[in-house]
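Peer 1: Supplied in structure tokens, the structure appears directly below.
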Amino acid sequence: MSPKAIVEFWGVTEDIFIKHNILLTRQTLESLVDEEQLSLPLQELNAAVGSSNATCIKGG
């Protein structure tokens, strides 16, 4: 999913994108963030929405 789509669905995630300097665009997270740096934002996004890695995964 794109950061913009994630925030549209789960508004509570916007601060996480801001914290990690990830633009709210329609590009996928994988295309915006280096693979080595993607793990932490994904963990925080999952925690914010009460989900698991099955929902918000690399390249999502």
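Peer 1: Return the residue satisfying two criteria in turn: it lies in segment 1-37 and is of a type in the set (Val, Ile, Thr) and without any contact (Cβ under 8 Å) to a residue 24 or more places away in the chain, and of such residues it is nearest to VAL49 (Cα to Cα). Talk me through it step by step, then tell me what you get.
Peer 2: Within segment 1-37, the subset of a type in the set (Val, Ile, Thr) is 6-7, 12-13, 16, 18, 22, 25, 28, 33.
Those still in the list that are without any contact (Cβ under 8 Å) to a residue 24 or more places away in the chain too: 7, 18, 22, 25, 33.
Values: VAL7: 11, ILE18: 16, ILE22: 18, THR25: 20, VAL33: 20 Å.
If we take residues in segment 1-37 being of a type in the set (Val, Ile, Thr) and without any contact (Cβ under 8 Å) to a residue 24 or more places away in the chain, then VAL7 is nearest to VAL49 (Cα to Cα).
Peer 1: Residue by residue through segment 15-55, note down the ones that are surrounded by 11 or more Cβ atoms within 10 Å (Cβ to Cβ), assigned to a helix (DSSP H, G or I) and among the hydroxyl-bearing types (Ser, Thr, Tyr).
Peer 2: SER39, the sole residue that qualifies.
Peer 1: When you check ILE6 against the structure, is it among the aliphatic types (A, V, I, L, M), under 11 Å from the mean Cα position of the chain (by Cα), part of a loop (DSSP other than H, G, I, E, B) and modelled with pLDDT under 95, yes or no?
Peer 2: Values: among the aliphatic types (A, V, I, L, M): yes; under 11 Å from the mean Cα position of the chain (by Cα): yes; part of a loop (DSSP other than H, G, I, E, B): no; modelled with pLDDT under 95: yes.
It is false that ILE6 is among the aliphatic types (A, V, I, L, M), under 11 Å from the mean Cα position of the chain (by Cα), part of a loop (DSSP other than H, G, I, E, B) and modelled with pLDDT under 95.
The values are calculated or read from the model by the stated rules, or taken from the named source; none is laboratory data. These figures come from a predicted structure and were not determined experimentally. All Cβ positions, even for glycine, are placed from backbone atoms using ideal geometry, and neighbour counts span all protein chains on display.
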